Amino acid sequence: MEKYFGTDGIRGPFGTAPIDELHLNRLAQAVGKRYTPQHLMIGRDTRASGVEIKRFLINGFPSDTEIFDGGIVTSPLLSLAIIEAGAELGIMITASHNPATDNGVKIFNRFGKKITVEEEEDLKQRMNDLPGPIENRGHHIIPYPIQAHYKMAPENPLPHVVIDCANGAAVEFAKASYHFPKIDWLGDQPDGRNINANCGSEHPELLCQTVRENGAHLGIAHDGDGDRLLLCDRFGKILPGEVVLGTIAIFLEKTGQLHGHQIVTTAMSNGGLRLSLEQYGIGVINAKVGDRHIAAMMHKFGSNLGGEHSGHIIFSDGTPSSDGIQAALLFLKAIEFLNLSPENTRPLISFLPQKLCNIPVKRKFPLEDLPGWSALIEKEHEKIGKNGKIFVRYSGTEPKLRLLVEAETEDKVENVLNALKNYIENREEIL
């Protein structure tokens, strides 16, 4: 069987493998056999295909599995509802920030955390031996309304904000959670086909423009399933994820809420975050890319805050997985406590020169098997200095190779990145 699970669950065009009836039904059978859940929490984002996918999945579970139907809900609130309802498992139907033609599945355990890579591999192997599709009649499906109940709203909110919900799952929860004197809403009219369409955290151009033109103080954007956060200041300039995460970390540290005086991030985050937070007595631990790896590292080291520059931020005292609304409310509490405007948080984090390059690929050939690759990486590492880094990985959701180089000067970044690009662009094993 071809690769099934990516960096964040299963994802792809609806109606084609693995997002079709055969594979999704087999997936449900495999999940049912491995975990034997008595109670399953299921939810979806606003994609029209989610209704049919839910049916494919439910049919694959044994008839005695009780189904809690959370309806349209964000991924983080579904993960929290699993715990509150006492379900043994949860399934979120979403393709996150992908276009409406795609869909996917994220699987959560009884603690509201995404299942591990090892568990995904076991499910993949089980699927090979299963029939499909099969249909189990007579499931007991119980509507399970899920509500937002965040508790960290600022006492003195900004007078005017723009909020973009990506026409996704966050719409109703955002409207119940954000309280400002004036809000201009974008991406709040989902029709099943317009999720992430030129809106949301992946397409913030309209958000930034609206903030500038309407004289708002802040722009807030989420993605299709509500687990990401993007912010822009009153000038319509995007705040880097490291600034958002760092501001929250400093606030939690100063108020005695940061467990272990440390946060978890990934190698994709700028090294300036670590150097800047050191001044506040905050340590930084690196995990593999992906919010589930961040969550696992947080659990291992007893941290309650982690995130990556893409906008996934986990505050485990609130919800067990990355939560865009919760992160935005934390940031607002932070700037209120620190007496800063959104744009004045930028100086809190100093950045090292860094550049990311995405190269389209036809095959995800193992890099370590390319002749001369390891020697090239070792050679280029010597050029970037002790605070620099080279990070290379295939995207888990797209046919791309990501090259990231960070160094103490722009010239070093450009030279090393060009050397890596020149090598990759001449490899027929990949391109």
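Computed values, structure above
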{"quantity": "Ranked F173, F5, criterion: other C-beta atoms within 10 Å, fewest first", "calculated": "F5, F173"}
{"quantity": "Under the Karplus curve 6.51 cos²θ - 1.76 cosθ + 1.60, θ = phi - 60°, whole-Hz ³J(HN,Hα) for the stretch 139-145, x wherever Gly or Pro sits", "calculated": "5, 8, 9, 10, x, 10, x"}
{"quantity": "Two-site FRET efficiency, N286 against K379, from Cβ-Cβ distance with R₀ of 22 Å, rounded to 0.05", "calculated": "0.45"}
{"quantity": "Distance violations [Cα-Cα > 24 Å] among K182/K237; K355/K421; K54/K113; K113/K364; K300/K355", "calculated": "K113/K364; K300/K355"}
{"quantity": "Per-selection Kirkwood Rh - the chain (Cα, Å, 1 d.p.)", "calculated": "22.4 Å"}
{"quantity": "Taking the chain and dividing mean pair separation by its residue count, relative contact order in percent (alpha carbons under 8 Å, at least six apart)", "calculated": "13 percent"}
{"quantity": "Linear extension gain, A17 paired with N422, 0.36 nm per residue minus alpha-carbon span", "calculated": "142.4 nm"}
{"quantity": "Cβ-defined net charge surrounding G60, 13 Å radius [Lys, Arg +1; Asp, Glu -1]", "calculated": "+4"}
{"quantity": "Rough spin-label spacing in nm, given labels placed 7 Å along Cα→Cβ, for E155 and Q257", "calculated": "1.3 nm"}
{"quantity": "Estimated FRET transfer efficiency when R0 is 41 angstrom, pair W185-K33 (beta carbons, to 0.05)", "calculated": "0.40"}
{"quantity": "q = 0.13, 0.14, 0.19, 0.26 Å⁻¹, the stretch 160-235: log10 I(q)/I(0) [Debye, one scatterer per Cα]", "calculated": "-0.30, -0.35, -0.65, -1.19"}
{"quantity": "The chain: calculated mean residue ellipticity at 222 nm from DSSP helix runs of at least 4, using -39500 (n - 2.57)", "calculated": "-10000 deg cm²/dmol"}
{"quantity": "Net +/- balance of residues flanking H203 in space, Cβ distance below 12 Å, scoring K and R +1, D and E -1", "calculated": "-4"}
{"quantity": "Efficiency of FRET from Cβ geometry, E88 and E213, R₀ 51 Å, rounded to 0.05", "calculated": "0.55"}
{"quantity": "Dimensionless Rg over Rh [the stretch 354-424; C-alpha; Kirkwood]", "calculated": "0.96"}
{"quantity": "Karplus (6.51, -1.76, 1.60) ³J(HN,Hα), θ = phi - 60°, over the stretch 361-370, in Hz, Gly and Pro reported as x", "calculated": "10, 9, 9, 9, 5, x, 4, 5, 8, 7"}
{"quantity": "Amide H contacts under 5 Å for D188, placed H, 5+ residues apart", "calculated": "C165, N167"}
{"quantity": "Packing-based order for 70-81, 190-201, 255-266, using average beta carbon neighbours within 10 Å, highest first", "calculated": "70-81, 190-201, 255-266"}
{"quantity": "Using distinct alpha-carbon pairs, which all enter the 1/r mean, Kirkwood radius of the stretch 192-324 in Å", "calculated": "15.3 Å"}
{"quantity": "3J(HN,Hα) from dihedral phi, the stretch 180-191, Karplus parametrisation 6.51/-1.76/1.60, rounded to Hz, x for glycine, proline", "calculated": "10, x, 9, 10, 9, 9, 10, x, 10, 10, x, 10"}
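All of the numbers you see were taken from the coordinates with simple rules; none came from a lab. Predicted model only: the values in this text are computed from it and were never measured. We place every Cβ from the backbone using ideal geometry, glycine too, and count neighbours over all the protein chains shown.
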